[in-house]
Amino acid sequence: MGKTLFDKVWDAHVVDTIDNGPQILYIDKHLIHEVTSPQAFNELEERNIPVFRPDQIVATADHNTPTINQHLPIKDELSRKQLEQLSENCKKNNITLYELGHKYNGIVHVMAPELGITQPGMTIVCGDSHTSTHGAFGTIAFGIGTSQVAQVFASQCLLLTKPKSLRVSVNGKLKNGVLPKDVILYIISKIGTNAGTGFFCEYAGDVFENMSMEGRMTVCNMSIEMGARGGMIAPDETTFEYVKGRKFAPKGEAFDKKVVYWKTLPTDNNAVFDKEYHFDAEDIEPMLTYGTNPGMGIKISEFIPETSDASFEKALDYMNFKKGETLIDKPINFVFIGSCTNSRIEDFRIAANYIKGKQKADNVTAWLVPGSKQVEAQIIEEGLKAIFDDAGFELRQPGCSACLAMNDDKIPQGEYCVSTSNRNFEGRQGQGARTILASPLMAAATAVEGKIIDITKQLN
Amino acid sequence: MEKFKTLTATAIPLDIENVDTDQIIPARFLKVTNRDGFGQNLFRDWRFQKDGSVNTNFVLNQPQFDGPILVAGDNFGCGSSREHAAWALTDYGFKVIVSSFFADIFKGNALNNGLLPVQVSPEFLKELMTTIQADPRTKITVDLEAQTIGVDGSNHSEAFEIDAYKKTCMINGYDDIDYLLSKKETIEAFEKTLQAY
Ligand code: SF4
């Protein structure tokens, strides 16, 4: 029987198998940030265990960081301490850190691919569930808890049971105005938020083959929102082209050799998956969520379903929406374009392209938060910042920002925010805040109109 | 890690589905660098009103319910990888979480902290939930060795699955770091073969 992409990468990293138990999986790259690493460092220190392979760890500060005045000392004392702790831990253990203000600083899932740290065929972990993002390169990448962060520090390995395999195929031509974010929101709305639990997902079909690396990262990023530990897309010329020439990518002959190996990774034709889903690209429209989990999504032309169960009603109550209503024309006061789902240069190009020559609506506070210093620099270099400034948008400095509202970027109580992030949980963007997940195009249009519109009508 | 063999106790019914990690412990409480004290912020925004007063409608604040077992709706622990969720639950005093479905990362985090996730059938969960709601003094027995969960004084019980390796770890209080460190030579030998591609 043939092997899947996932099988090939997994099998190449199995150090040992425990009888009747898990396998020892070798981890190539370990990414860390300020929130989920301190307790792991403490644990090692308490037990007197050294960090085993500091060269294979890269650190950044992102969750907690302010997105204005990054050159000034951080006002919030707890945040400042957490960042200081990260610097101290990295220094003590010889770990490379791109701290606040460094030209490579950024959200961990934006900066690592950008620097060529993420490469096909690797195993990558990070104490963050959206590590699934890196699967866009044909990498096994997944989020881990802090105990596991400590395990990787100690041994560069994890004890794991091999997950089952799932494939989601989408074929056909995407309609005008339908972006990668809509594709993944559509998939989750169809299969639900726990369809992927216990599985690792592969996305296949010409929709993904024709997607940019940025788009593939957006898709893989949200694999966790359908319960899957991670998602992968087979590496191809688009992948090699993206990796080539990046700071940590192999160079010259070494790169060519890698490409030969990477080309062996795609799933064999006769491989069998434990579960498969097929979707038709033409059925996808710009998507919006109306509830408090990412599976509660509808197409722009659809109405909120008339489901009656307690959880559903609790969600609608929180959102202050009614069954059977449309989201079109809902007034919106906050728009957030950012997060590891949609804060890459392509996302800002899409937003700028729409915004150019228009003005932000007066009722809207719109935050544009680049995923990294490099994206920020590119936004300025390509003249996008000027477009945003002219239209009344605020370009802030990189970080996780309003995606999880750990810093000061919080959406006020009861307000709606059309957001390009990945989670619409209760209180995710601030206590009592109401999140509507959407693509950067839908977000930009909302900011300009001051309300939700049917973007397809404008485009056609 | 604390050892776990069997537990007989009362339980708290949290009849809500898709309880995500942002509800278990909101992000604004993740700024500390140690593991202690998360229990006071467990389910923070459900336990307390916006003005800081106690929300008496929330089950954790209802005096008739108490105990180290939390019986929760389907798909418990979805969302972020924050282990703080498991720390908050154990710090509050929970030793067992019962649900018909657990998110992967949460399940792993719980097991790594001596918090036992017990997955039961939707029917059994419903039965458990209504039994406890009707009589908060109902005692539940969770036997890890036998892999069963049952309602005391009735014949309602069910078997549950757990990875054999994890079961041994829970019963003996071992953790994965000890095991991995014992494998260091094998890991180093493996690293040499990795260079091949
Ligand atoms: S942007 Fe949001 S989802 Fe992504 S790593 Fe930061 S907090 Fe997590």
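The values are calculated or read from the model by the stated rules, or taken from the named source; none is laboratory data. Bear in mind that the values here come from a model prediction, so they are computed numbers and not experimental data. Here the Cβ is made from the backbone with ideal geometry for all residues, glycine too, and neighbour counts use every protein chain on show. Surface areas here come from the heavy atoms of the whole protein model, side chains and all, with no ligands, DNA or RNA. Shrake-Rupley method; radii C 1.70, N 1.55, O 1.52, S 1.80 Å.
Checked against the criterion of being within 15 Å of the ligand (Cβ to nearest atom) and either touching a Phe, Trp or Tyr at 6+ places or on another chain (Cβ under 8 Å) or within 14 Å of chain B (Cβ to nearest Cβ) (or both), the candidates A:G227, A:G231 yield just one match: A:G231.
Step by step: first the residues of segment A:119-129, then only those that are more than 9 Å from chain B (Cβ to nearest Cβ) and open to solvent by 10 Å² or more (accessible area, probe 1.4 Å), then the one that is nearest to A:G338 (Cα to Cα). Which residue is that? Before you say what the answer is, go through the steps one by one.
First pass over segment A:119-129, keeping only residues more than 9 Å from chain B (Cβ to nearest Cβ): A:119-120, A:122-125.
From what's left, open to solvent by 10 Å² or more (accessible area, probe 1.4 Å): A:119, A:122.
Working: A:Q119: 24, A:M122: 26 Å.
My answer is A:Q119.
Please find, within segment B:168-197, the residue that is farthest from the other protein chains (Cβ to nearest Cβ) out of those that are of a type in the set (S, T, Y) and within 19 Å of B:K95 (Cα to Cα). First the steps, then the outcome.
Of segment B:168-197, the ones of a type in the set (S, T, Y) are B:168, B:174, B:179, B:182, B:186, B:193, B:197.
Imposing the further condition that a residue be within 19 Å of B:K95 (Cα to Cα) reduces the set to B:168, B:174.
On the way: B:T168: 8, B:Y174: 11 Å.
Among them, the one singled out is B:Y174.
A:N194 passes every criterion in (1) in contact (Cβ under 8 Å) with a residue 40 or more places away in the chain; (2) within 14 Å of chain B (Cβ to nearest Cβ) apart from (1). Exactly one residue out of A:R434, A:R396 is of a type outside the set (G, A, S) and closer than 20 Å to A:K75 by Cβ, and it is A:R396.
Against the definition (buried (at least 24 other Cβ atoms within 10 Å of the Cβ) and more than 16 Å from the ligand (Cβ to nearest atom)), how does A:F240 come out, yes or no? Here the answer is no, as A:F240 does not meet what is asked. Restricting attention to segment A:130-148, the residues that are aliphatic (A, V, I, L, M) and within 10 Å of chain B (Cβ to nearest Cβ) add up to 1.
For segment A:1-118, which strands (runs of 3 or more DSSP E) that fit wholly inside it have 3 or more residues that are within 14 Å of chain B (Cβ to nearest Cβ)? Explain how you work it out, then say what you get.
Details: elements: A:14-17, A:23-26, A:29-32, A:57-60, A:96-98.
The strands (runs of 3 or more DSSP E) meeting that bar are A:14-17, A:23-26, A:29-32.
Among the conditions (1) open to solvent by less than 10 Å² (accessible area, probe 1.4 Å); (2) β-branched (V, I, T); (3) within 14 Å of chain B (Cβ to nearest Cβ), A:T292 misses just one, which is (1). Listed by first and then second residue, the pairs linking a residue in segment B:88-103 that is in contact (Cβ under 8 Å) with a residue 24 or more places away in the chain and away from every other protein chain (no Cβ under 14 Å) to a residue that is among the polar types (S, T, N, Q) and assigned to a strand (DSSP E or B), with Cβ atoms under 9 Å apart and 6 or more places separating them unless they lie on different chains, are B:V98/B:Q119. Give the residue, chosen from A:Q359, A:Q378, that is under 20 Å from A:Y104 (Cβ atoms) and open to solvent by 10 Å² or more (accessible area, probe 1.4 Å). Residue meeting the stated conditions: A:Q378.
Kindly provide the set of residues from segment A:217-228 that are part of a helix (DSSP H, G or I) and either out of contact with any Ser or Thr (no Cβ under 7 Å at 6 or more places or on another chain) or without any contact (Cβ under 8 Å) to a residue 40 or more places away in the chain (or both), ordered by number. Spell out how you get there, then give the answer.
Of all residues in segment A:217-228, those part of a helix (DSSP H, G or I) come to A:217-226.
Across segment A:217-228, the qualifying residue is only A:V219.
Results for (1) within 14 Å of another protein chain (Cβ to nearest Cβ); (2) out of contact with any Ser or Thr (no Cβ under 9 Å at 6 or more places or on another chain); (3) among the aliphatic types (A, V, I, L, M), shown as yes or no for each residue.
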{"site": "B:F4", "(1), (2), (3)": "no, yes, no"}
{"site": "B:T8", "(1), (2), (3)": "no, no, no"}
{"site": "B:P13", "(1), (2), (3)": "yes, no, no"}
{"site": "B:N18", "(1), (2), (3)": "yes, no, no"}
{"site": "B:Q23", "(1), (2), (3)": "yes, yes, no"}
{"site": "B:R28", "(1), (2), (3)": "yes, yes, no"}
{"site": "B:K31", "(1), (2), (3)": "yes, no, no"}
{"site": "B:N34", "(1), (2), (3)": "yes, yes, no"}
{"site": "B:G39", "(1), (2), (3)": "no, no, no"}
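Among the residues of segment A:328-371, the ones that are part of a strand (DSSP E or B) and either touching a residue at least 40 places away in the same chain (Cβ under 8 Å) or more than 16 Å from the ligand (Cβ to nearest atom) (or both) come to 8 in all.
Residues that are within 16 Å of the chain's Cα centre (by Cα), within 14 Å of chain A (Cβ to nearest Cβ) and either part of a strand (DSSP E or B) or not hydrophobic (A, V, I, L, M, F, W, C) (or both) do not occur anywhere in segment B:142-158.
Regarding segment A:28-36, can at least one residue be identified that is free of Cβ contacts under 8 Å to residues at least 24 places away in the same chain and either charged (D, E, K, R) or open to solvent by less than 30 Å² (accessible area, probe 1.4 Å) (or both)? The answer is no, given that none of the residues of segment A:28-36 is free of Cβ contacts under 8 Å to residues at least 24 places away in the same chain and either charged (D, E, K, R) or open to solvent by less than 30 Å² (accessible area, probe 1.4 Å) (or both).
For segment A:228-237, the set of residues classified as open to solvent by less than 10 Å² (accessible area, probe 1.4 Å) and more than 16 Å from A:M122 (Cβ to Cβ) consists of A:A228 only.
For segment B:20-49, how many residues meet the condition of being part of a loop (DSSP other than H, G, I, E, B), of a type outside the set (K, R) and at pLDDT below 95? Before the answer, list the steps.
Residues of segment B:20-49 that are part of a loop (DSSP other than H, G, I, E, B), as a first pass: B:25-26, B:30-37, B:42-43, B:49.
Applying the additional criterion that residues be of a type outside the set (K, R) yields B:25-26, B:30, B:32-34, B:36-37, B:42-43, B:49.
Next cut, at pLDDT below 95 only: B:26, B:30, B:32-34, B:36-37, B:49.
Going through segment B:20-49 one residue at a time, the tally reaches 8.
Taken as a whole, the condition of being among the polar types (S, T, N, Q), open to solvent by 10 Å² or more (accessible area, probe 1.4 Å) and farther than 29 Å from A:K175 by Cα does not apply to A:Q458.
If only one of A:L97, A:L78 is away from the ligand (no atom under 14 Å from the Cβ), at pLDDT 95 or above and under 20 Å from A:M406 (Cβ atoms), which one is it?
Details: A:L78 fails: at pLDDT 95 or above.
Unique residue meeting the criteria: A:L97.
Do the conditions hold for A:R434, that is, is it within 14 Å of another protein chain (Cβ to nearest Cβ) and either away from the ligand (no atom under 16 Å from the Cβ) or surrounded by fewer than 20 Cβ atoms within 10 Å (Cβ to Cβ) (or both)? When the stated conditions are applied, A:R434 passes them.
Please pick out the residue among A:A271, A:A254 that is closer than 27 Å to B:L194 by Cβ and either polar (S, T, N, Q) or crowded, with 18+ Cβ neighbours inside 10 Å (or both). Reasoning before the result, please.
Working: A:A254 fails: either polar (S, T, N, Q) or crowded, with 18+ Cβ neighbours inside 10 Å (or both).
The unique qualifying residue is A:A271.
The test for being free of Cβ contacts under 8 Å to residues at least 40 places away in the same chain, in a helix (DSSP H, G or I) and open to solvent by 20 Å² or more (accessible area, probe 1.4 Å) does not hold for A:E214.
Going by the conditions given, is A:M287 closer than 27 Å to A:E302 by Cα, in contact with a Lys or Arg (Cβ under 7 Å, 6 or more places away or on another chain) and touching a residue at least 40 places away in the same chain (Cβ under 8 Å)? Break it down into steps so the answer makes sense when it comes.
Values: closer than 27 Å to A:E302 by Cα: yes; in contact with a Lys or Arg (Cβ under 7 Å, 6 or more places away or on another chain): yes; touching a residue at least 40 places away in the same chain (Cβ under 8 Å): yes.
For A:M287, the condition - closer than 27 Å to A:E302 by Cα, in contact with a Lys or Arg (Cβ under 7 Å, 6 or more places away or on another chain) and touching a residue at least 40 places away in the same chain (Cβ under 8 Å) - is met.
Within segment A:387-423, which residues are more than 10 Å from the ligand (Cβ to nearest atom), within 12 Å of chain B (Cβ to nearest Cβ) and more than 19 Å from A:K373 (Cβ to Cβ)? Selection gives A:D408, A:K410, A:P412, A:Q413, A:G414.
Looking at segment B:49-72, is at least one residue buried (at least 21 other Cβ atoms within 10 Å of the Cβ) and facing chain A (nearest Cβ under 10 Å)? No: zero hits.
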